[in-house]
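Laboratory data are not the source of any read-out in this text; all were calculated from the coordinates shown. Worth saying up front: this structure is predicted, and the values here are computed from it rather than measured. Quick reminder, even Gly has a Cβ in these numbers, built from the backbone with ideal geometry, and neighbours come from all protein chains shown.
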């Protein structure tokens, strides 16, 4: 992805909504750079993964996608890679404990590495369909 393709969205935890005011978003980013290097707990920046779902919608961090019939996965970013996983907390606990030689085997068992999924020429992931996000549709993750 080129820098010109960089995109993100901001979720306001205090008001439980996505911010659409670009001036506010710019201020939040500048404030985070001035401060301790992270955003206030009220806001979450969610990065665009650089790919689209089968309907042409941009896929962002914290989106919930349907991968196979009735398999809801959450998009997460950690250690420089985007992952799609069913249970992020379980995934991270196991990820942190793995030896480097076991990482490849591990993520195949617990999550899908986004950059290893097949895309078409337009950066669409034909098997992903956005069905919600963790803030507004958390119930989609419960079995």
Original post:
In nm, to one decimal, how far is the residue 13 label point from the residue 136 one, both placed 7 Å along Cα→Cβ?
Top reply: 2.0
Original post:
Nearest 0.05, what FRET efficiency do residue 89 and residue 5 give at R0 = 25 Å with Cβ-Cβ as r?
Top reply: 0.25
Subject >> Efficiency of FRET from Cβ geometry, residue 20 and residue 122, R₀ 35 Å, rounded to 0.05 >> reply: 0.85
